[in-house]
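Notes to accompany the following structure.
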Amino acid sequence: MIFRPFLLKVDMAIGEVNAFIYGCEETKKAILIDAGKFDQRFADYARAEGLKLSTIFLTHDHGDHVAGAAECAEKFGATVIAGTEEPSGRKADRVVGHGDKVEVGHLVGRVVSTPGHTPYGISLVFPGMVFTGDALFAGSVGGTSSQENYAMQIEAIREHVLALPGDT
């Protein structure tokens, strides 16, 4: 497994956001998760590791997670996958929902629905790894606009994230 986190400075008001590259060691195909902006470190890391960034996965449609998707897709020739049709002002190449599969070389991930922070929040589960975007923070959950959305988010996290094996 190839894995590298990136901390992006996206906006003075927001501050920082996480992005990740996850890839298949055999095929060298990789996925970029939450392209809040284009960052030259993505390209440098891909080049250094011999990776083909073939896919961009967006966990939700807030600007700090999607603003760089179009530029990254263009620079890497990547397909954009999202839970909504136009997450970054650019039509997603593939819209996915709960239970859909995402392949990265020989790695197969499963999309799980984690709405609440946004209506179309999704997370991506691979064996031993889950990418939740802003659905789940260290010690808390992403902000919601109502008690109803908060309850929905907590239920989704309990059902689809906390139920994963302990080594995830």
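The values are calculated or read from the model by the stated rules, or taken from the named source; none is laboratory data. Worth saying up front: this structure is predicted, and the values here are computed from it rather than measured. Quick reminder, even Gly has a Cβ in these numbers, built from the backbone with ideal geometry, and neighbours come from all protein chains shown. Heavy atoms of the whole protein, side chains included, go into the accessibility calculation; ligands, DNA and RNA do not. Shrake-Rupley method; radii C 1.70, N 1.55, O 1.52, S 1.80 Å.
The table for this structure:
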quantity: Full-extension gain in nm, GLU49 to HIS106, via 0.36 nm per residue minus C-alpha separation; calculated: 18.8 nm
quantity: Surface accessible to a 1.4 Å probe, per residue, for the residues of the chain, Å²; calculated: 49 Å²
quantity: Neighbour net charge for THR59 - beta-carbon separation under 15 angstrom, K R +1, D E -1; calculated: -3
quantity: Along principal axes, Cα extents of region 119-168, largest first, whole Å; calculated: 32, 18, 15
quantity: Global form of region 76-116, assessed from the alpha-carbon gyration tensor, a/c cut-off 1.5; calculated: oblate
quantity: Cβ-based net charge around VAL80, under 14 Å, with every Lys or Arg adding one and every Asp or Glu removing one; calculated: -3
quantity: Spacing of the two label points (7 Å from each Cα toward its C-beta) at GLU159 and GLU86, in nm; calculated: 3.0 nm
quantity: Net charge dipole size for region 83-168 [Lys, Arg +1 and Asp, Glu -1 on Cβ; Debye, nearest 20]; calculated: 120 debye
quantity: Net charge of neighbours whose Cβ lies under 12 Å from the Cβ of ASP11, counting Lys and Arg as +1 and Asp and Glu as -1; calculated: 0
quantity: Dipole-positive endmost among LEU124, THR79, TYR45 within the chain (Cβ charges, Cα centre); calculated: TYR45
quantity: Fully extended contour minus Cα-Cα distance, from LYS28 to MET1, at 0.36 nm per residue; calculated: 8.8 nm
quantity: Student exercise, region 1-67 dipole from Lys, Arg, Asp, Glu Cβ charges, in Debye to nearest 20; calculated: 260 debye
quantity: For region 1-130, convex hull of alpha carbons as volume per residue, Å³; calculated: 96 Å³
quantity: Convex hull volume per residue in cubic angstrom - Cα atoms of region 13-61; calculated: 76 Å³
quantity: Assigned charges on the beta-carbon of Lys, Arg, Asp, Glu; region 1-114 dipole about Cα centre (debye); calculated: 280 debye
quantity: The chain, accessible surface, carbon-and-sulfur percent (1.4 angstrom probe); calculated: 50 percent
quantity: Nearest-ten-degree value, helix 147-160 long axis tilted from longest Cα axis of the chain; calculated: 60 degrees
quantity: Square roots of five times the Cα gyration tensor eigenvalues for region 67-168, Å; calculated: 23, 18, 11
